[in-house]
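Inspection log for the structure reproduced underneath, given as structure tokens.
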Ligand code: FCB
């Protein structure tokens, strides 16, 4: 074998046990909403509410993943991936949210988990990726403290049923999005736009995390690695006088969710209505929220770049920050944006990893990272998504550099394996490594999938 020295020197090799995975979530991919005893979730209700979802789309069929388990697991295998992060639909396991267990729901996730293990792919299961059973919303959803207890009971059921094979449990996906988009702004289910309820929901969902982590540890299968997934944004101030506001914004979008989990306290946020009202924080809650976990999941998509507002006000490619009138958000001219309008900045991921590791020694997994592209199939049926390849390559490079710098980063799950139901955006935004033709369900790996498959196989990024 001949060795190409130049390319060897430029090869960025990952640790041999590094997870190169992909992620999905139940409501976004499964479909089969009325099958095998699944109960209603708040997303079924929200989608049926006129005006909430782009074009009136819903998750009734989605990627039809419920009926295509073997095909999707084969895709993961063919892409050489060694990890799959999926979520368990609470209304499939407990159609009423509490009470009777639906065996057919358990069977479905058993098929996924066993199928993964047969293919040597490590199963990482998210307990809650936003599809709250509707009967629990009828009792107040995340405004009702009991929901945290119900989630813990459900997490315990999952740990008892699957914990002999699932290698990682993630309690909650993105508490920030649940409370901000679901309760503060209302563009996600359950569609409430009330800052006070946003603060209450924040506390209850974090409490649910802590109680669920404890329930998973107490499972009859013994303690399993458990963590939480928090979406983090790198907040960058472009000038000195924007630094103070940047620090406040950082606490509102990141610290409010991260600090309670890793430090056991809420940050010092100036805007009182961002914080949970004092009377919802009971004695002992912060201890529960900061209960010992085994890893931290980080979702990273884009940075927030801000600067002091100029005398002329807001210009092209700048936008106002609610509640922070002295600063504006900036889209720098040279920085690409995705089809979501999100900034592409892989260095932000690296900075986030450094910030998180300064706060905690927990092993870190990137549980989501990816981009929407206006993908289309060419006449030969191929999808040349060079934007996604470049996004993926840049962010993997940031992961490699972070590991080189000594950060305990153990894996990367790309969002997403499949194009899927992108919440309020319906099917208009494609995030998949694999193209889904929604009318037929046909799957076609995009060029980015082939690129990722090579990296995952060789565990190497070549410069
Ligand atoms: C994250 C969600 C995930 C997906 C991506 C694009 O906030 O966790 O379900 O929608 O964004």
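Three semi-axes describe the equivalent ellipsoid of the range 326-463; taken as square roots of 5 times the Cα gyration tensor eigenvalues and ordered largest first, they are 27, 19, 14 Å. Placing a pseudo-label 7 Å from each Cα along the Cα-to-Cβ vector at residue 111 and residue 321 gives an inter-label distance of 4.8 nm.
When both the range 416-438 and the range 216-260 are represented by their alpha-carbon centers, they are found 26 Å apart. Structural size metrics of the range 275-341, computed from C-alpha coordinates, are Rg and Dmax of 18.8, 50 Å. Given axes a ≥ b ≥ c from the Cα gyration tensor, I'd like to know whether the range 263-384 is rounded (a/c under 1.5), prolate (a/b larger than b/c) or oblate. Oblate. Helices in the chain, meaning DSSP H runs of at least 4 residues, each add -39500 (n - 2.57). Divided by all residues, the mean residue ellipticity at 222 nm is -10000 deg cm²/dmol. Taking only the Cα atoms of the range 1-159, the ratio Rg/Rh comes out at 1.10, with Rh defined as the Kirkwood radius.
With a ≥ b ≥ c taken as the square roots of the eigenvalues of the C-alpha gyration tensor of the range 108-170, please select rounded if a/c is under 1.5 and otherwise prolate if a/b is larger than b/c or oblate if it is not?
Values: a/c = 3.08, a/b = 2.58, b/c = 1.20.
The shape class here is prolate.
Rounded if a/c is under 1.5, else prolate if a/b is larger than b/c, else oblate: which is the range 411-458, with a ≥ b ≥ c the root eigenvalues of its Cα gyration tensor? Because a/c hits 1.5 or more and a/b fails to exceed b/c, the range 411-458 counts as oblate.
The Cα-based radius of gyration of the range 192-244, divided by its Kirkwood radius, gives an Rg/Rh of 1.21.
Where the convex hull is taken over the Cα atoms of the chain, what is its projected area averaged over directions, in nm²?
23.0
Note on the range 83-141: semi-axes of the ellipsoid equivalent to its C-alpha gyration tensor, largest first and rounded to whole Å, are 26, 13, 5.
Multiplying the residue separation of residue 271 and residue 153 by 0.36 nm and subtracting their alpha-carbon distance yields 39.1 nm.
How many angstrom separate the Cα center of the range 30-83 from the Cα center of the range 91-155? Each part reduced to its Cα centre gives a spacing of 14 Å.
On average, how much area does the Cα convex hull of the range 124-236 cover when viewed from any direction, in nm²?
Its average projected convex-hull area is 7.3 nm².
The DSSP beta bridges internal to the range 323-450 are antiparallel in roughly 60% of cases. For the range 180-304, the C-alpha radius of gyration sits at 1.13 times the compact-globule guess of 2.2 N^0.38 Å, with N the residue count.
DSSP bridge analysis restricted to the chain gives an antiparallel fraction near 30%, rounded to the nearest 5. Fewest-first ordering of 290, 310, 390, 87 by other beta carbons within 10 Å of each residue's beta carbon gives 310, 390, 290, 87. Counting only the Cα atoms, the range 354-398 fills a convex hull of 91 Å³ per residue. So if the hydrodynamic radius of the range 256-300 is defined as the Kirkwood radius over C-alpha pairs, what does Stokes-Einstein give as its diffusion coefficient at 20 °C and 1.002 mPa s, in µm² per second? Approximately 183 µm²/s, per Stokes-Einstein.
We did not get these values from a lab; they are worked out from the coordinates using the rules stated. What you see is a predicted model; the values in this text were computed from it and never measured. Methodologically, a virtual Cβ is constructed for each residue, glycine included, from the backbone with ideal geometry; neighbour enumeration extends over all protein chains shown.
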